[in-house]
Every structure is written in C-alpha cells, then in structure tokens.
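Here's the structure we're looking at; comments come further down.
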Amino acid sequence: MAGAPDPVELVRRARAGEQLAVARLISMVENAGGRLREVSAALAPHTGRAHVVGLTGSPGVGKSTSTSALVTELRARGRRVGVLAVDPSSPFSGGALLGDRVRMGEHTGDDGVFIRSMATRGHLGGLSWATPQALRVLDAAGCDVILVETVGVGQSEVEVVGLADSTVVLLAPGMGDGVQAAKAGILEIGDVFVVNKADRDGARRTVRELRNMLHLRDAGPDDWRPPVLSTVAARAEGIDGLADTLDEHLTWSEKSGERDRRRRERVRREIEAIGMEQVRSRMEQLRGGAVLDALTGRVLAGRLDPWAAADELLERSG
Ligand code: GDP
C-alpha cells in the first residue's frame, strides 16, 4: 500500500497503546502483503508475555457474551486485554464482522482493550498460519491477556484454541450437553469447563455429567484437574470465578512446564505452516517454467523418475 507506515514505527505506536496501529498491523499480517516479513521481524522482540486464553464451544452457548463479560472483569483487575475473534466460515474480515459492534460495544473507547475479528476461510495455510501472527501483534501491543474466541467448531479451530496457554470450553444445558462435547473431542483440550446459562433448566445435570466424564480421565497428583464452573454470562455471574480459575491455571502451567511445552508446540506449528506456504508458493512460481519443463522431458525420456525430479525441483527452487 502506498504511504503505509514503516512497520517498526507501527509497532512502536502499537506498544504505546494506539488502537489504529494495532488494527493496521493485524491487517498487514492478515493480508499477507509484501511487508509481512518486516512486520514479523519488528514484532519478534516484543512477544511471549501475554496469557493466551482460548474459548471454544458450539454456536449459541454464549461465547461472545462470556468474552465480553470477561473483558470487563479483567479490565477491573487492571489488565490490558486483547480479543481475537476467529471466524473460519466467513471470507470477510475486519472490524465490521461478527458484531465487534454489538457484543463489544461496551468496551468502545477503552484504550486498554483491543478487539479484532479475523476471517480465515480461503486464507493461505488457513488458521494455523494466520492466527499466531495476529496473536503476536496483540502480545507486542502489551496485552496481558489475549482471548481467542472461535466462531466455529471445525477441527483446525479446535486445534488452534487447544494450543492456547489456557483453554476454556463452554457448554450450555440442553444443547447436546457433555456427550456432544466428548464426541467433538473437546473434553481433551479443555483446561476449564464452563456450563453457561446456569439460569436454565438442566444446568446442574450438565455440570454433573461433565464432572463424571472428566473424572474418568487418569490424572497424577500434580496434574491439573479441569474444573467445571457454572456461569450466567448474560448477568456476568460467575465470571469473576472464571477469571480466578484462569489465573490459577496460568500459575500451574508455568510451574509444571506445561506453558513452555504448549508454546514450543505453537511455534513449531507456526514455522511448519509458514514453511509449507513457502514451498507451495515456490512450486507455483516454477509451474510452467523452464526448469520444470526440462525435468518433465527427462522423466518422459525415462532418464529420471518423478521422485528424483521433484527432489531436483525443490533443490533448485531453494
Ligand atoms: P455465541 O454464539 O456462543 O457467541 O453465543 P452468544 O454470546 O451470542 O449468546 C447466544 C445467546 O444466548 C444470546 O441471545 C445471549 O444473550 C444468550 N445468553 C448468553 N449468556 C446467557 C446466559 O447466561 N443465560 C441466558 N439465559 N442466555 C444467555
């Protein structure tokens, strides 16, 4: 983009708390434009501090409501908060999506809150590639806590959220309950379970069911035992308890080494995803080119097998 500010300057402004700079940086990483590398390099020294909290659950359980209530609670505790709402089903992105307006309206004008939506459908390399970049921006901007909310229940979303420092799985009574959660594989990734809409019938039963299911898991004396909390997010009830539990989980995961383990895994996947993307784009550039033509000729003539040809192609593209 002509006249786009220097990434280093943008990062400096983001760190000073400038909302516009944060939004700009996220757009830059999301659009994978020409300055992506510069942005990434400028962010690198300032990352690795934020507590990344993933929130997942079926549509309608109250993720947005809970996220908003949690933001209020964390702000009351003096934390700087980032919110990244990831929508894998929509090709659109930017501030207008998802009702940043509706659900987060109450946080408008609070310069300690950064809210951003991301659409990942059709994104090169998908969510695994794009989300960590946006997390880095919010982290570098000085967020103490980053809430990553997924608006979908696809496997890759569950995986990404599962790599957060702490993962919250939300359920609601009468929405298929715990059995559904077990099927979707989210019992494994939850560090904290929340039965929201506790003002509705059946909430206690859902809590009981979940506790029973979780008790079936093997756990050593030093392991984290995922608690099952109840909330009425619409009235902000139980949200302080959720914030306390997230603090406890962070403390445990730092002590036990779990946080390090997850962070390593996150970075490893990030590097892999970028690597895959680079190989893909190099191959694309070679398509129809002279090198590929020559290799094709040799394979056709029986002088080279296609595997050896592919090796050569990769070597030459490096
Ligand atoms: P999401 O799709 O998971 O993000 O769910 P939303 O946060 O958009 O909430 C879905 C609906 O449930 C909205 O109409 C909320 O007002 C409502 N809701 C959220 N929390 C509660 C709650 O604790 N009790 C009740 N009764 N309704 C709630």
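All but one of (1) on the phi > 0 side of the Ramachandran plot; (2) more than 16 Å from the ligand (Cβ to nearest atom) hold for Thr251; which doesn't? Unmet condition: (1). Among the candidates Leu210, Leu229, the residue that is away from the ligand (no atom under 16 Å from the Cβ) and in the same structural domain as Asp139 (by TED's automatic domain parsing) is uniquely Leu210. Taken together, Leu250, Leu246, Leu242 contain a single residue that is touching a His at 6+ places or on another chain (Cβ under 7 Å) and either surrounded by 15 or more Cβ atoms within 10 Å (Cβ to Cβ) or not aliphatic (A, V, I, L, M) (or both), which is Leu250. Against the numbered list (1) crowded, with 23+ Cβ neighbours inside 10 Å; (2) in contact with a helix residue (DSSP H, G or I) (Cβ under 7 Å, 6 or more places away or on another chain), Arg15 comes up short only at (1).
One line per residue, one yes/no per condition, for (1) within 20 Å of Asp165 (Cα to Cα); (2) in a helix (DSSP H, G or I); (3) without any contact (Cβ under 8 Å) to a residue 40 or more places away in the chain:
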{"position": "Thr251", "(1), (2), (3)": "yes, yes, yes"}
{"position": "Lys255", "(1), (2), (3)": "yes, yes, yes"}
{"position": "Arg262", "(1), (2), (3)": "yes, yes, no"}
{"position": "Arg268", "(1), (2), (3)": "yes, yes, yes"}
{"position": "Ile271", "(1), (2), (3)": "yes, yes, yes"}
{"position": "Ile274", "(1), (2), (3)": "no, yes, no"}
{"position": "Val291", "(1), (2), (3)": "no, yes, yes"}
{"position": "Val299", "(1), (2), (3)": "no, yes, yes"}
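Note on the stretch 222-239: residues that are part of a helix (DSSP H, G or I) and either touching a helix residue (DSSP H, G or I) at 6+ places or on another chain (Cβ under 6 Å) or surrounded by 15 or more Cβ atoms within 10 Å (Cβ to Cβ) (or both) total 3. Quick check, is Ser66 at pLDDT 90 or above, polar (S, T, N, Q) and surrounded by 13 or more Cβ atoms within 10 Å (Cβ to Cβ)? Yes; evaluated as a whole, the condition is true for this residue. Looking at Leu242, is it out of contact with any Cys (no Cβ under 9 Å at 6 or more places or on another chain) and within 25 Å of Ala32 (Cβ to Cβ)? So Leu242 does not fit the description; no. Here Arg264 fulfils each of the conditions (1) surrounded by fewer than 13 Cβ atoms within 10 Å (Cβ to Cβ); (2) closer than 16 Å to Leu170 by Cα apart from (2).
Among the conditions (1) part of a loop (DSSP other than H, G, I, E, B); (2) modelled with pLDDT of 80 or more, the only one that Ala42 does not satisfy is (1). Checked against the criterion of being modelled with pLDDT under 75 and buried (at least 22 other Cβ atoms within 10 Å of the Cβ), the candidates Leu97, Leu127, Leu84 yield just one match: Leu127. Being in a helix (DSSP H, G or I) and in contact (Cβ under 8 Å) with a residue 12 or more places away in the chain is the filter; apply it to the stretch 45-65 and report the residue that is farthest from the ligand (Cβ to nearest atom). Per the stated criteria, the residue is His46. Among the residues of the stretch 178-201 satisfying the criterion of being assigned to a helix (DSSP H, G or I) and crowded, with 18+ Cβ neighbours inside 10 Å, which is modelled with the highest pLDDT? Checking each candidate, the answer is Ile189.
Looking only at the stretch 28-37, residues that are under 18 Å from Ile271 (Cβ atoms) and in a helix (DSSP H, G or I) come to 3 in all.
The values are calculated or read from the model by the stated rules, or taken from the named source; none is laboratory data. Note that the structure is a prediction, hence the values are computed from the model and not measured. Quick reminder, even Gly has a Cβ in these numbers, built from the backbone with ideal geometry, and neighbours come from all protein chains shown.
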